[in-house]
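Inspection log for the structure reproduced underneath, given as structure tokens.
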Protein chains: 2
Amino acid sequence: MELSSTSVVPVRFETHPSRYVHWRLEVEPPMARLVMDVQEDRPLRPGYPLKTNSYDLGVDIELADAVGRLRFEHPEVKALVVTSGKDRIFCSGANIYMLGSSSHSFKVNFCKYTNETRLAIEDASSSSRLKSLAAVNGACAGGGYELALACDEILLVDDASSAVSLPEVSLLAVLPGTGGLTRVTDKRKVRRDLADVFSSLGEGVKGKRAVEWRLVDETVALSRFTARVSERARALAASVPDKPGPGVVLPPLEGRYSDDAIEHRYVHLKVDAGARVAELTVLGPDSGEPDSPAAIRERGGELWSLRAFRELDDVLLDLRFNRPEVGVVVLKTRGDAPRVLAADAALAANPGDWFVNEVVHHLKRVLKRLDLTARSLIALVDEGSCFAGSLMELALAADRSYMLSSDGGPTIAFSPLNRGALPMANGLSRLATRFLAEPATAEVPLDQAFDAGAAAKAGLVTFAPDEIDWDDEVRLVLEERASLSPDALTGMEANLRFAGPETMETKIFGRLSAWQNWIFQRPNAVGERGALTLYGKPERAKFSWIRT
Amino acid sequence: MELSSTSVVPVRFETHPSRYVHWRLEVEPPMARLVMDVQEDRPLRPGYPLKTNSYDLGVDIELADAVGRLRFEHPEVKALVVTSGKDRIFCSGANIYMLGSSSHSFKVNFCKYTNETRLAIEDASSSSRLKSLAAVNGACAGGGYELALACDEILLVDDASSAVSLPEVSLLAVLPGTGGLTRVTDKRKVRRDLADVFSSLGEGVKGKRAVEWRLVDETVALSRFTARVSERARALAASVPDKPGPGVVLPPLEGRYSDDAIEHRYVHLKVDAGARVAELTVLGPDSGEPDSPAAIRERGGELWSLRAFRELDDVLLDLRFNRPEVGVVVLKTRGDAPRVLAADAALAANPGDWFVNEVVHHLKRVLKRLDLTARSLIALVDEGSCFAGSLMELALAADRSYMLSSDGGPTIAFSPLNRGALPMANGLSRLATRFLAEPATAEVPLDQAFDAGAAAKAGLVTFAPDEIDWDDEVRLVLEERASLSPDALTGMEANLRFAGPETMETKIFGRLSAWQNWIFQRPNAVGERGALTLYGKPERAKFSWIRT
């Protein structure tokens, strides 16, 4: 039985530590512990028990919430210990029955979200002075090891049985696709032939060899494990400066969801199911935004920049999981451009303030999520829009942008945030990625409002139709786009959006995920006699031996 | 009907200009013209007429031969004009009926080979002072434009009808997968939104817009086209230094092929079909190799380094296309290591000699072909082997290497060629890729023969079993490897082999090809109602609208 990705019950992405089912968040400044203790009878959808600390999307939603929330609500925490609450098992990875019974589209989007969560752990370390330590206190397989790989350090208990392993290839005929193969070679820099042995060996590697092969940083006898984990976590915490001041609570978003719409305070989604087009509108600040660090802190979770992008994040995830037939997302903005620019300027002026820093990195992560959303993105710079600064990034993330050319019509403008503070996964700003041929063009002036003519001339928008042509051009592009093969568009956009350099992050979503998605289509994995399909059943998988 | 990739008639990859069916090679130093004039009634296999200068593997084998042969046989040629012998059509790309009727494995290997050929055109420009110009004298679609993209310059005739286009997404629901999407953004640096418009627009772009969008370098009126092409070709030829002296003729290889073996002079393949394992043995030089440029030139096409690697190239292509069920290739060598090192040293000592330079770059390309061969590669450093210098690259390219540990047993050694002259597609030497964690370790000493103990200690081989364990260990790894899913291994190896940085070349084989291979599995393209399947038929494709 295949679980549809358009289930009757939509997936919701907001949660709170008080509602966690599968994790315990224990805060003991300067440390925190995230304890994975999966409740096997509470999967996100019925049909697969979450045995042996295996995870599904519901488990990962809580993890993503915890990591994101720690950064805002607990600045006093500087080291995060990720460990397990089970006896002798750290984590056995993604639940195989869940994967085996999920639709292709769900599998792909589940892996993408899990990858984004792993990358968020690394982003917390590199951008947010929140170091992480995987305290691997038991067997650690597949996605469990991939979670550990996302941490700065891995400590493995040396109890003669606990091993780290990537059994995907040998057990399931799929890849360790949540960053596993990429992080083993590119982050841990495991020698490629040892990585080959490790990744084709179901039983994994433990003890001294795990350290020698660089798979873990240290193995520690069971009797000393807790003490050593504390010691290393304290050292990690001591390695980064403090983030002074109280935390900022992230309020609930309280969105209203229906079959054809989502209503947040600043972000609205309207779906035309027949056309397979959704209109996503982001509103600018509804009043003046605070500009001093103190005032910004006081506004806290209600700061426009933070709230609007949290809402945007929620809508993007809803689109991915709950509205798989929407092929085109029309990106619109409404509001007052100077207010957006002022809000950006206040962020840009206070890079040393930890909360401001968190807000900017949050914007960055949400915009990366947009880049990686496999829907055609068309930005419409129309009357009343405010594509300025951080909101201009939406237009730059779009596959195409259309800007209305008319007297007194819309303008676009830039803030200091457009100049590198919000990099794409490839490490470049969206402007730099856009102007690979003429890097100087990416240095846009910050004191200029571009009308359609100037924007088109500067290459900042794709087309600038006038009022007479506008409706027809917009209608045509939406119809054309919605008529093309969704798969071909996904592949095309995954290539064109990531022009220029590759990073470990883009390798995970490009090389690794694309191969995994291919394998997720192959009969050797997902056919009636495929290894993923037959996992846990008495029959043995039957492979076609043709090498491709 | 699906053409099997294991056709009764095996594909042969050797050809010669005197036997070309689809191309004319016209040499007029310092220029040469390669004129594509595809004979539609002579496809490689029956079943699809090669209309409108479309190509199949047979057409591309001739192109690869021409580009490779020019470098050795015609050093006086410094600019290559690629053009069409047809009226009003340059090239319409890969033949769709051929693609639609081919097995998945054949499609993937066909695209890989075509990609390698396009990259060889670029390698001739960057490494061999052979510049190229696409003289696009008619409609130029899909793979035709991808061929043009591989050239240094693109001139498009301005005749009010000829356009360049990538109609794959809109017509066939597949990608421009032979480097198209990657070269548009990363080589030509077309703005990503314009690339989006171009790649989703069936009819293409012509005239002034094609230049403005950076899709071509120049458009030229029909009346001036021939003159302008000559002028630009002369300018390209004048931009690079001469390669003095007569050319070196590449002799026929005269291999003997059978169901379970290939016999070349220096390279032998032996297939155990039941085990799905092939043993590929490369012999070292059978006598002393010449060491002065003059003597090397005199040995010419019979130079061991050149001949052995040409034979290796032939065997790799045979494996890919004619023996798809071979899952594991055991790499062996036999011969005298000092002779291999002497042959390498003679090459390394004469980097300024154009012929020596060509030989080294040929080695480089063949080794890249090995890296990209989707079979498990296990190197056996056993008694009588000569894994030294350029042949040691075989072991470094392997997924794993096993070295016999015994008194007076085999040794391995390095030559200057191991230090960067034979880079992988990622731009690093195989040693540097292997030792990402400890770059200093990649600086191996050149005056040392490593026995198994020393080699294992230095991380240069994976395992070093002794005589008692050798047979069992080798048997086990071959059995284990041959038992795993061929698809999972292909995906795993495609990730682990390319640790470290990515380049345009690796992006083509990683990001672009992996997505294309995914699409080549998707019903929207290849299902009964898929766009590729239905091309040219009256029915319209029917898509699933689920976005993945």
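The values are calculated or read from the model by the stated rules, or taken from the named source; none is laboratory data. Predicted, not measured: the structure shown is a model, and the values here were computed from it. Glycine gets a Cβ as well: all are built from the backbone with ideal geometry, and neighbour counts include every protein chain shown. Calculation scope for accessible area: heavy atoms of the full protein, side chains included, ligands and nucleic acids excluded. Shrake-Rupley method; radii C 1.70, N 1.55, O 1.52, S 1.80 Å.
Taking the listed residues B:ALA398, B:ALA425, B:ALA442, B:ALA413, the one that is touching a helix residue (DSSP H, G or I) at 6+ places or on another chain (Cβ under 8 Å), at pLDDT below 95 and open to solvent by less than 30 Å² (accessible area, probe 1.4 Å) is B:ALA442, with no other qualifying. Here A:VAL461 meets the list (1) part of a loop (DSSP other than H, G, I, E, B); (2) among the β-branched types (Val, Ile, Thr); (3) away from chain B (no Cβ under 14 Å) almost entirely, failing just condition (3).
Residues in the stretch A:41-69 that are out of contact with any strand residue (DSSP E or B) (no Cβ under 8 Å at 6 or more places or on another chain) and part of a loop (DSSP other than H, G, I, E, B): A:ASP41, A:ARG42, A:PRO43, A:LEU44, A:PRO46, A:TYR48, A:PRO49, A:LEU50, A:LYS51. As a summary of the residue check, B:PHE463 satisfies the conditions (1) modelled with pLDDT of 95 or more; (2) within 29 Å of A:LYS107 (Cα to Cα); (3) touching an Asp or Glu at 6+ places or on another chain (Cβ under 9 Å) except for the one numbered (2).
With respect to the conditions (1) away from chain B (no Cβ under 14 Å); (2) open to solvent by 20 Å² or more (accessible area, probe 1.4 Å); (3) touching a residue at least 12 places away in the same chain (Cβ under 8 Å), A:ASP123 falls short on a single one, namely (2).
Annotation note: Cβ proximity below 9 Å between a residue of the stretch A:518-541 that is within 8 Å of chain B (Cβ to nearest Cβ) and a residue that is open to solvent by 80 Å² or more (accessible area, probe 1.4 Å) and assigned to a loop (DSSP other than H, G, I, E, B) (sequence gap 6+ or interchain) occurs for A:ASN524/A:LYS542; A:ALA531/A:ARG540; A:ALA541/A:ARG529. Within the stretch A:307-336, the residues that satisfy the criterion of being open to solvent by 20 Å² or more (accessible area, probe 1.4 Å) and assigned to a helix (DSSP H, G or I) are A:ARG310, A:ASP313, A:ASN322.
Being assigned to a loop (DSSP other than H, G, I, E, B) and in contact with a Leu (Cβ under 8 Å, 6 or more places away or on another chain) is the filter here, so list the residues in the stretch B:145-162 that pass it.
B:ALA150, B:CYS151, B:ASP152, B:ASP159, B:SER162
The set of residues in the stretch B:70-86 that are in a helix (DSSP H, G or I) and open to solvent by less than 30 Å² (accessible area, probe 1.4 Å) comprises B:LEU70, B:ARG71, B:PHE72.
Output yes when any residue across the stretch A:249-272 is over 30 Å from B:ARG547 (Cβ atoms), out of contact with any Phe, Trp or Tyr (no Cβ under 7 Å at 6 or more places or on another chain) and at pLDDT 95 or above, and no when none is.
yes
Test of understanding: among B:ARG334, B:ARG339, which residue is touching an Asp or Glu at 6+ places or on another chain (Cβ under 9 Å) and in contact (Cβ under 8 Å) with a residue 40 or more places away in the chain? Exactly one residue qualifies, and that residue is B:ARG339.
The set of residues in the stretch B:484-523 being over 29 Å from B:SER170 (Cβ atoms), open to solvent by 10 Å² or more (accessible area, probe 1.4 Å) and over 23 Å from the mean Cα position of the chain (by Cα) consists of B:LEU484 alone.
Note on the stretch A:468-504: residues that are touching a residue at least 60 places away in the same chain (Cβ under 8 Å) and within 20 Å of A:GLY427 (Cα to Cα) amount to 11. Among the residues of the stretch B:472-490, some residue qualifies, meaning at least one is in contact with a strand residue (DSSP E or B) (Cβ under 7 Å, 6 or more places away or on another chain), facing chain A (nearest Cβ under 8 Å) and assigned to a helix (DSSP H, G or I). Looking across the stretch A:382-399, the residues that are of a type in the set (A, V, I, L, M) and closer than 17 Å to A:ASP371 by Cβ come down to A:LEU391, A:MET392, A:LEU394, A:ALA395, A:LEU396, A:ALA397, A:ALA398. For beta carbons closer than 8 Å, sequence separation of 6+ or different chains, a first residue in the stretch B:54-65 that is over 13 Å from B:GLN39 (Cα atoms) and a second that is small (Gly, Ala, Ser) and part of a helix (DSSP H, G or I), the qualifying pairs are B:ALA64/B:ALA120. The set of residues from the stretch A:468-483 being touching a Phe, Trp or Tyr at 6+ places or on another chain (Cβ under 9 Å), open to solvent by less than 60 Å² (accessible area, probe 1.4 Å) and over 18 Å from B:LYS542 (Cβ atoms) comprises A:TRP470, A:VAL474, A:VAL477. Of all the residues in the stretch B:168-208, those that are in a loop (DSSP other than H, G, I, E, B), open to solvent by less than 20 Å² (accessible area, probe 1.4 Å) and at negative phi number 7.
Taking the conditions exactly as written (crowded, with 22+ Cβ neighbours inside 10 Å, more than 26 Å from B:ASP196 (Cβ to Cβ) and touching a Pro at 6+ places or on another chain (Cβ under 6 Å)), does A:ALA348 satisfy them or not?
Spelling it out, it is not the case that A:ALA348 is crowded, with 22+ Cβ neighbours inside 10 Å, more than 26 Å from B:ASP196 (Cβ to Cβ) and touching a Pro at 6+ places or on another chain (Cβ under 6 Å).
Being aliphatic (A, V, I, L, M), in contact with a Gly (Cβ under 6 Å, 6 or more places away or on another chain) and either under 22 Å from B:LEU367 (Cβ atoms) or not in a loop (DSSP other than H, G, I, E, B) (or both): is that true of B:LEU250 here? So B:LEU250 passes the test. Residue-level analysis places A:ALA195 among those that are out of contact with any His (no Cβ under 6 Å at 6 or more places or on another chain) and within 11 Å of another protein chain (Cβ to nearest Cβ).
Annotation: A:ALA227 fulfils all but one of (1) part of a helix (DSSP H, G or I); (2) touching a strand residue (DSSP E or B) at 6+ places or on another chain (Cβ under 8 Å); (3) open to solvent by less than 80 Å² (accessible area, probe 1.4 Å); the unmet one is (2).
Please pick out the residue among A:GLU231, A:GLU212, A:GLU254, A:GLU218 that is free of Cβ contacts under 8 Å to residues at least 12 places away in the same chain, more than 28 Å from the chain's Cα centre (by Cα) and more than 14 Å from every other protein chain (Cβ to nearest Cβ).
On the way: A:GLU212 fails: more than 14 Å from every other protein chain (Cβ to nearest Cβ); A:GLU254 fails: more than 28 Å from the chain's Cα centre (by Cα); A:GLU218 fails: free of Cβ contacts under 8 Å to residues at least 12 places away in the same chain.
After ruling out the rest, the residue left standing is A:GLU231.
Scanning the stretch A:531-547 for residues that are crowded, with 24+ Cβ neighbours inside 10 Å and assigned to a loop (DSSP other than H, G, I, E, B) gives a single hit, A:ARG547. Mind checking whether some residue in the stretch A:429-452 is within 12 Å of chain B (Cβ to nearest Cβ), hydroxyl-bearing (Ser, Thr, Tyr) and in a helix (DSSP H, G or I)? Yes, that holds for at least one residue. Listed conditions (1) under 25 Å from A:SER170 (Cα atoms); (2) open to solvent by less than 20 Å² (accessible area, probe 1.4 Å); (3) of a type outside the set (Gly, Ala, Ser) are all met by A:VAL526, apart from (2). Say whether the condition of being free of Cβ contacts under 8 Å to residues at least 12 places away in the same chain and either in a strand (DSSP E or B) or more than 14 Å from chain A (Cβ to nearest Cβ) (or both) is met by at least one residue in the stretch B:392-411. Yes, there is a match, as at least one residue in the stretch B:392-411 is free of Cβ contacts under 8 Å to residues at least 12 places away in the same chain and either in a strand (DSSP E or B) or more than 14 Å from chain A (Cβ to nearest Cβ) (or both).
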